[in-house]
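Undergrad: My structure is below; once you've seen it, I'll send some questions.
The values are calculated or read from the model by the stated rules, or taken from the named source; none is laboratory data. Computed from a prediction, not measured in an experiment: that's the story for all the values here. A quick note on method: Cβ atoms are made from the backbone with ideal geometry, for glycine too, and the neighbour counts reach across all protein chains shown. All accessible areas refer to the heavy atoms of the entire protein, side chains included, with ligands and DNA or RNA removed. Shrake-Rupley method; radii C 1.70, N 1.55, O 1.52, S 1.80 Å.
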Number of protein chains: 2
Amino acid sequence: MNIGLIQMACSASTGENLERAVAKVEEAVKGGAQIICLPELFRSQYFCQQEDVTLFDLAEPIPGPSIKALSRVAKTCRVTILVSIFERRTAGVYHNSLVVLDERGEIVGLYRKMHIPDDPAYFEKFYFTPGDLGFQAIKTAHATVGPLVCWDQWYPEAARMTALQGAEVLCYPTAIGWHPQEKHPEGQAQRDAWMTIQRSHAIANGVFVVAVNRVGCEAPAGGDGLEFWGSSFVCDPFGVVLAQASVDQEETLVVDIDLKRIEEVRRNWPFLRDRRIDAYEGITKRFLDEPA
Amino acid sequence: MNIGLIQMACSASTGENLERAVAKVEEAVKGGAQIICLPELFRSQYFCQQEDVTLFDLAEPIPGPSIKALSRVAKTCRVTILVSIFERRTAGVYHNSLVVLDERGEIVGLYRKMHIPDDPAYFEKFYFTPGDLGFQAIKTAHATVGPLVCWDQWYPEAARMTALQGAEVLCYPTAIGWHPQEKHPEGQAQRDAWMTIQRSHAIANGVFVVAVNRVGCEAPAGGDGLEFWGSSFVCDPFGVVLAQASVDQEETLVVDIDLKRIEEVRRNWPFLRDRRIDAYEGITKRFLDEPA
C-alpha cells in the first residue's frame, strides 16, 4: 500500500493553505497514495511563536471548514486522510487534534495531542489543553494507523501505547524547526535527534513510522522566527528510512510500504515477547526519587 | 570525568580472558579512565550459541574468581569497574549479571539482566533466569551509573526506569554480532538499528549512554558462528556520538564526558517535564487487545 506525505509551507492566509492542502492531497492521490498525512496545523502559520488571545480565533470545531473540505476530498478520492487541526472544543478548551477521515469521508478517529511542549517560540501550553482521549490505534481500509502529534514523538511511552493497541503505522504530523541563532552549530544534532528518536519507535515496536513536517521560515513581528526543517520521512519496522524529503522544499512523497514486513521483523527481533511487564510500574511515576 | 570502554575479543581460555581484561582495565586507567566497563560475559566465548548443560560450569558465584581479580584492580587503581558475569546463584539458578565495583574494590551494585533473548545462536533463555532485582541506578564516586545488559538495550522501558532513578550514564555491556549469512545485506541495518535504539535512550532521557561490545568471530563446532561487530560507543544526552570503536579490532576507549551536559540538554529539551504519567498504565500490559 502507499502512504502519502504532504510536506508544505504555510502562508498567512488560512484559506490559501487549506486550498493548497486539498490540491496536494489530490496530487498524492494521483501518485497512488491511499493514506495521506498532512503536517501539523497546516491551515495557518505556526501561531504558537507568540502568546496572543486573538489567535484562538484560528481554532475550528470538529467538523468545521477544514474537516469538511478534506472530508469531501477523502470521499471523492476514496482515501484515508490524517488532518491536523486546532480544535475549538468549547470556549476556553482548545486542543491540538488529529482527525482520521476514511474513504467515505467519515471521521473514524479523533486524537488530541497528549504531550504539550512549552519552549521559547513553541508556547503550546498557552493554546492547547492536553489531550484526554489517550493513545489510539485506528483501523482504516488499508492499515491500522497510530495518530500522534509532534512533541509526542519524543516519548517512547506514546509510541509503545499506540503500538500495543495494534497500530501498524505511527503518524506524526509535525511543526519543528530551527531557531535561526541555533542552527549553527546545533541544528544538525537537533534534526538528527528528531530522526533518531522516531526511528527508534519503529525499531522498539516493529512498526512503520511516518513523520510529516512543514518547511519555510515564519517570523512574526518582533521575533527571530523559526526555520522549519522539513525532512519528512517514512521508515520501516527496523528503522530503515524508505524515503525522505528535503529540508527546505515543498514535496509530496508517495511511499510504497509492505505491512507484511512487520510480521517479518517482529519474528526476527522479538522484542515484544520479552518485555518485563512485571517491572515497569515505575513508568507511571514522574521521577523515582522516593523509596518504592 | 573519563569513561573507559574495553572492546575485546574473547578466546576459549577463561583464564586468559580474565588476565587480558585485567591488563586492559589497567591500560584504561593509565589513559585516565575513572569508570570502566567491560563487555558482556568477557570471561568466555559467547557460549549461548548452543544449549549444553556442561557450560553451566562457566558460571561463578559472586564474589568468585572474576570479581575477586577485578576487585583487586579497582582497589589498587581507585576506579569504578562494571563487570559482566555469568552468575551461579544456586544449583539451577543462573543469571547474566553486572557487578559494580567501587574504588575500594567493594561491590556496590548487582544487576541481573532483566530482558533475556532467545534467538538462533543466542539461546539465553536456556542459561539465564530473568533478573529479579529490577532496574537500578548506582551511585559511584564519579557518576551515578545505570547497569543494563545487551538485550535490555532494545527496551525503552528499561532505560526510562533506570534514568528515572537518577542514572546519569546508562552502561550496556553487550555481545552482539552478525550471523555470517545475514551480514549481507542485513548487517548494516542491524548495526544501525542497534546504535539508533541506544542513542534514542540518551535522547529520551537526557543521559549518557555507553555500549561495550566484543569483537571477533566465534564458531562452535557445527555452527556458522557469530561475527561480533564491536562498534562500542559513547553518546551524549542528545544522542551525539562522542567516540566509537571499529567493527573488528580490540580497542580501549577513554572518553571525557561532562555530566553538566545533562542539565543543559534537559533544560533545552524538557521531555521529562511533559510525560503523561496519567496515561501510561497500559505499558505494564503485554498487548492491549482487550477493552481497557
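Undergrad: Looking at A:Leu253, A:Leu242, which is the one that is in a strand (DSSP E or B) and within 14 Å of another protein chain (Cβ to nearest Cβ)?
TA: Criteria check complete, one pass: A:Leu242.
Undergrad: Can you report the number of residues in the stretch B:38-75 which are under 13 Å from B:Cys10 (Cβ atoms) and of a type in the set (Lys, Arg)?
TA: Final tally of qualifying residues: 1.
Undergrad: Moving on to the next point. Go through (1) closer than 30 Å to A:Arg266 by Cβ; (2) in contact with a Leu (Cβ under 8 Å, 6 or more places away or on another chain); (3) open to solvent by less than 10 Å² (accessible area, probe 1.4 Å) for B:Ser66 and report which single condition fails.
TA: With respect to (1) closer than 30 Å to A:Arg266 by Cβ; (2) in contact with a Leu (Cβ under 8 Å, 6 or more places away or on another chain); (3) open to solvent by less than 10 Å² (accessible area, probe 1.4 Å), B:Ser66 is out only on (1).
Undergrad: Where the second residue is hydroxyl-bearing (Ser, Thr, Tyr) and assigned to a loop (DSSP other than H, G, I, E, B) and the first is under 15 Å from A:Thr174 (Cβ atoms) and lies in the stretch A:40-62, which pairs have Cβ atoms under 7 Å and are six or more apart or on separate chains?
TA: From the stretch A:40-62, the pairs are A:Glu40/A:Thr174.
Undergrad: Hey, another quick one. Return the only residue of A:Ser13, A:Ser44 being open to solvent by 30 Å² or more (accessible area, probe 1.4 Å) and either at pLDDT below 95 or under 22 Å from A:Gln249 (Cα atoms) (or both).
TA: Matching residue, one of A:Ser13, A:Ser44: A:Ser13.
Undergrad: Right, here's the next one. Test A:Val29 against the stated conditions and say whether it is β-branched (Val, Ile, Thr) and either out of contact with any Leu (no Cβ under 8 Å at 6 or more places or on another chain) or open to solvent by 10 Å² or more (accessible area, probe 1.4 Å) (or both).
TA: So A:Val29 passes the test.
Undergrad: Follow-up. If you scan the stretch B:276-292, which residues turn out to be under 16 Å from A:His115 (Cα atoms) and at the interface with chain A (Cβ under 7 Å from one of its Cβ atoms)?
TA: B:Arg276, B:Ile277, B:Ala279, B:Tyr280, B:Glu281
Undergrad: Please count how many residues of the stretch B:90-114 are of a type in the set (Lys, Arg) and open to solvent by less than 10 Å² (accessible area, probe 1.4 Å).
TA: The number of residues fulfilling the criteria is 1.
Undergrad: In this structure, does A:Ala143 turn out to be without any contact (Cβ under 8 Å) to a residue 60 or more places away in the chain, open to solvent by less than 10 Å² (accessible area, probe 1.4 Å) and within 25 Å of A:Lys260 (Cβ to Cβ)?
TA: no
Undergrad: Step by step: first the residues of the stretch A:151-170, then only those that are open to solvent by 10 Å² or more (accessible area, probe 1.4 Å) and either of a type in the set (A, V, I, L, M, F, W, C) or touching a Cys at 6+ places or on another chain (Cβ under 9 Å) (or both), then the one that is nearest to the other protein chains (Cβ to nearest Cβ). Which residue is that?
TA: A:Met161
Undergrad: Related question: Answer yes or no: is there a residue in the stretch B:26-36 that is under 20 Å from B:Glu87 (Cβ atoms) and under 17 Å from the mean Cα position of the chain (by Cα).
TA: So far as the stretch B:26-36 goes, yes, one or more of its residues are under 20 Å from B:Glu87 (Cβ atoms) and under 17 Å from the mean Cα position of the chain (by Cα).
Undergrad: Okay, next question. Please verify whether the stretch B:130-139 includes one or more residues that are at the interface with chain A (Cβ under 10 Å from one of its Cβ atoms), farther than 26 Å from B:Gly206 by Cβ and surrounded by fewer than 19 Cβ atoms within 10 Å (Cβ to Cβ).
TA: Yes, because at least one residue in the stretch B:130-139 is at the interface with chain A (Cβ under 10 Å from one of its Cβ atoms), farther than 26 Å from B:Gly206 by Cβ and surrounded by fewer than 19 Cβ atoms within 10 Å (Cβ to Cβ).
Undergrad: Still on this structure: Do you know which residues across the stretch A:270-292 are part of a helix (DSSP H, G or I) and either of a type outside the set (Val, Ile, Thr) or surrounded by fewer than 16 Cβ atoms within 10 Å (Cβ to Cβ) (or both)?
TA: Result: A:Leu272, A:Arg273, A:Asp274, A:Ile277, A:Asp278, A:Ala279, A:Glu281, A:Gly282.
Undergrad: What single numbered condition from (1) on the phi > 0 side of the Ramachandran plot; (2) open to solvent by less than 10 Å² (accessible area, probe 1.4 Å) fails to hold for B:Ile35?
TA: (1)
Undergrad: Quick check on the stretch A:77-89. Is at least one of its residues farther than 30 Å from A:Asp52 by Cβ, in contact with a helix residue (DSSP H, G or I) (Cβ under 6 Å, 6 or more places away or on another chain) and open to solvent by 10 Å² or more (accessible area, probe 1.4 Å)?
TA: Looking for residues that are farther than 30 Å from A:Asp52 by Cβ, in contact with a helix residue (DSSP H, G or I) (Cβ under 6 Å, 6 or more places away or on another chain) and open to solvent by 10 Å² or more (accessible area, probe 1.4 Å), one finds at least one in the stretch A:77-89, hence yes.
Undergrad: Would you mind telling me which numbered condition in (1) touching a residue at least 60 places away in the same chain (Cβ under 8 Å); (2) more than 21 Å from the chain's Cα centre (by Cα); (3) within 14 Å of another protein chain (Cβ to nearest Cβ) A:Asn205 fails?
TA: Every listed condition holds for A:Asn205 apart from (2).
Undergrad: Return yes or no: is A:Pro120 within 14 Å of another protein chain (Cβ to nearest Cβ) and modelled with pLDDT under 95?
TA: yes
Undergrad: Answer with yes or no whether B:Asp248 is away from chain A (no Cβ under 14 Å), open to solvent by 50 Å² or more (accessible area, probe 1.4 Å), on the phi < 0 side of the Ramachandran plot and free of Cβ contacts under 8 Å to residues at least 40 places away in the same chain.
TA: Considered against the rule, which asks whether it is away from chain A (no Cβ under 14 Å), open to solvent by 50 Å² or more (accessible area, probe 1.4 Å), on the phi < 0 side of the Ramachandran plot and free of Cβ contacts under 8 Å to residues at least 40 places away in the same chain, B:Asp248 comes out as yes.
Undergrad: Would you mention how many residues in the stretch A:193-231 are within 27 Å of A:Ile35 (Cβ to Cβ) and either touching a Cys at 6+ places or on another chain (Cβ under 9 Å) or not hydroxyl-bearing (Ser, Thr, Tyr) (or both)?
TA: Going through the stretch A:193-231 one residue at a time, the tally reaches 25.
Undergrad: Go through the stretch B:171-188 residue by residue and tally those that are within 14 Å of chain A (Cβ to nearest Cβ) and of a type in the set (Phe, Trp, Tyr).
TA: Result for the stretch B:171-188: 1.
Undergrad: Is one or more of the residues making up the stretch A:256-269 facing chain B (nearest Cβ under 10 Å) and either in contact (Cβ under 8 Å) with a residue 12 or more places away in the chain or surrounded by 15 or more Cβ atoms within 10 Å (Cβ to Cβ) (or both)?
TA: yes
Undergrad: Looking at (1) more than 17 Å from A:Gly177 (Cβ to Cβ); (2) hydrophobic (A, V, I, L, M, F, W, C); (3) assigned to a helix (DSSP H, G or I), find the lone condition where A:Ile36 falls short.
TA: If we test A:Ile36 against (1) more than 17 Å from A:Gly177 (Cβ to Cβ); (2) hydrophobic (A, V, I, L, M, F, W, C); (3) assigned to a helix (DSSP H, G or I), just (3) comes out false.
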